[in-house]
Amino acid sequence: MPVASLKMGHGERILVVDDDRAMLEALETLLMGSGFEVELADDAFEAFSRLQVNAAANKKIDLLVADYRMPVTDGLSLIKRSRQLRTDLPAILMTGCREPAIEKEIHSLGGCEYLEKPFSHKKFLKVISQLLTGSNEKNKSSAH
């Protein structure tokens, strides 16, 4: 059975941010097929705006997934800024190239994970599960 057809989510809302439309659509398909609600944003400004609108409407985004390299504002800056709105917002920072300093910084924020592209659907969903259940701090070594 394909991973995308396994229901692991229970309607949790995930905001995915990437300037690569194909990546956004692929992650949307995977996440929706896994039982999550998905919002998409093409850049950090749009994503932060969505976070603000959702907060004002008392709609909780349960997880932020952001690409590191995007025009104007990078994903790490977005995650840090989003923590000003909600300090406990879990996040995943995706990147196409290994950057140990960025990986160390994202882990120092707590409740955040770093995924190097390409990653498997199984690994992505496992990290999401760990973040949503709060078990990523205990199992950090299994997510790398």
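The values are calculated or read from the model by the stated rules, or taken from the named source; none is laboratory data. The structure presented is a predicted model; accordingly, all values stated were derived computationally and were not measured. Here the Cβ positions follow ideal geometry from the backbone for every residue, glycine too, while neighbour counts run over all protein chains shown.
Among the residues of the stretch 41-56, are any of a type outside the set (Asp, Glu) and within 11 Å of the chain's Cα centre (by Cα)? No, because not a single residue in the stretch 41-56 is of a type outside the set (Asp, Glu) and within 11 Å of the chain's Cα centre (by Cα).
Does residue 119 count as touching a residue at least 24 places away in the same chain (Cβ under 8 Å), of a type outside the set (D, E, K, R) and farther than 16 Å from residue 15 by Cα?
Values: touching a residue at least 24 places away in the same chain (Cβ under 8 Å): yes; of a type outside the set (D, E, K, R): yes; farther than 16 Å from residue 15 by Cα: yes.
Taking the combined requirement at face value, the residue satisfies it.
For the stretch 114-125, does any single residue satisfy the condition of being in a loop (DSSP other than H, G, I, E, B), buried (at least 17 other Cβ atoms within 10 Å of the Cβ), under 14 Å from the mean Cα position of the chain (by Cα) and of a type in the set (A, V, I, L, M)? No, that holds for no residue.
When the residues of the stretch 101-113 are filtered to those that are in contact (Cβ under 8 Å) with a residue 24 or more places away in the chain and not in a strand (DSSP E or B), the one that is surrounded by the most Cβ atoms within 10 Å (Cβ to Cβ) is 106.
Every residue, every condition in (1) exposed (fewer than 15 other Cβ atoms within 10 Å of the Cβ); (2) of a type in the set (D, E, K, R); (3) modelled with pLDDT of 95 or more; (4) farther than 19 Å from residue 133 by Cα, yes or no:
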| residue | (1), (2), (3), (4) |
| --- | --- |
| 6 | yes, no, no, no |
| 40 | no, no, yes, yes |
| 60 | yes, yes, no, no |
| 68 | no, no, yes, yes |
| 92 | no, no, yes, no |
| 99 | no, yes, no, yes |
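Within the stretch 84-102, is even one residue under 12 Å from residue 15 (Cα atoms) and among the acidic types (Asp, Glu)? For the stretch 84-102, residues under 12 Å from residue 15 (Cα atoms) and among the acidic types (Asp, Glu): absent.
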